[in-house]
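Below is one structure, written out as structure tokens; comments come after it.
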Amino acid sequence: MKQNASSRKLNQQARDVIANALLFEVSDPRLRFVTITGCEVSFDRSACNVYYTCNANDYEEVAQAFMSARGLIRSIMAKKLPWRVAPELRFILDSSVDNAERIERALMREAKRAGNDGSN
């Protein structure tokens, strides 16, 4: 989706409301250590892709928790945002953090290997 100042503002508003809802209004303990990394609100504001990260061991539990809390989060958005409609929420695991960690581990292994081969 093409980003302009208006869409960036909508995305940021949605992200802020959802993140605050998780911190202060949603009481599901499975969502305690979830980070909302971004949102993409559709042009007509009818849908919102919510990207999140969490501990790799909790992927299934967190996905189920979001399914359970979807209606509550949507109603919170309806109350806090001046939009005509409350968007349908789609929660999507953001794997970029996992990919970055995997790359970092590979680079560290390579640096150790290069440092231990004695050919500096």
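Within the stretch 1-51, take every residue that is in contact with a Phe, Trp or Tyr (Cβ under 6 Å, 6 or more places away or on another chain) and not polar (S, T, N, Q) and give me the one that is nearest to residue 85 (Cα to Cα).
So in the stretch 1-51, the residues in contact with a Phe, Trp or Tyr (Cβ under 6 Å, 6 or more places away or on another chain) come out as 34, 36-38, 45, 50.
Imposing the further condition that a residue be not polar (S, T, N, Q) reduces the set to 34, 36, 38, 45, 50.
Details: 34: 26, 36: 21, 38: 20, 45: 7, 50: 17 Å.
Among residues in the stretch 1-51 that are in contact with a Phe, Trp or Tyr (Cβ under 6 Å, 6 or more places away or on another chain) and not polar (S, T, N, Q), the one nearest to residue 85 (Cα to Cα) is 45.
How about the stretch 1-26: which of its residues are outside any helix (DSSP H, G or I) and surrounded by fewer than 17 Cβ atoms within 10 Å (Cβ to Cβ)?
Initial filter on the stretch 1-26 (outside any helix (DSSP H, G or I)): 1-4, 25-26.
Once the filter is applied, which keeps residues that are outside any helix (DSSP H, G or I) and surrounded by fewer than 17 Cβ atoms within 10 Å (Cβ to Cβ), the stretch 1-26 yields 1, 2, 3, 4, 25.
Residue check: is residue 65 under 14 Å from the mean Cα position of the chain (by Cα) and closer than 13 Å to residue 91 by Cβ? Full working, then the answer.
Details: under 14 Å from the mean Cα position of the chain (by Cα): yes; closer than 13 Å to residue 91 by Cβ: yes.
In short, yes.
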Quiz prompt | Failed criterion for residue 60 (all others in (1) exposed (fewer than 13 other Cβ atoms within 10 Å of the Cβ); (2) closer than 24 Å to residue 10 by Cα; (3) not small (Gly, Ala, Ser) hold) | solution = (2)
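Identify all residues within the stretch 27-57 that are hydroxyl-bearing (Ser, Thr, Tyr) and surrounded by 15 or more Cβ atoms within 10 Å (Cβ to Cβ); write none if there are none.
Within the stretch 27-57, 37, 51, 52, 53 qualify.
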Exercise. Can you tell me which residue within the stretch 78-115, out of those that are among the β-branched types (Val, Ile, Thr) and surrounded by 11 or more Cβ atoms within 10 Å (Cβ to Cβ), is farthest from the chain's Cα centre (by Cα)?
Key: 85
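Anything in the stretch 66-77 that is loosely packed, with under 12 Cβ neighbours inside 10 Å and in contact with a Phe, Trp or Tyr (Cβ under 7 Å, 6 or more places away or on another chain)? List them, or say none.
Filtering the stretch 66-77 down to residues loosely packed, with under 12 Cβ neighbours inside 10 Å leaves 67, 71.
Listed by number, the list is empty, since nothing qualifies.
Every read-out reported here was derived from the displayed coordinates using simple, explicitly stated rules and does not represent laboratory data. Worth saying up front: this structure is predicted, and the values here are computed from it rather than measured. Using ideal geometry, Cβ is built from the backbone for each residue, glycine included, and neighbour counts are taken over all protein chains shown.
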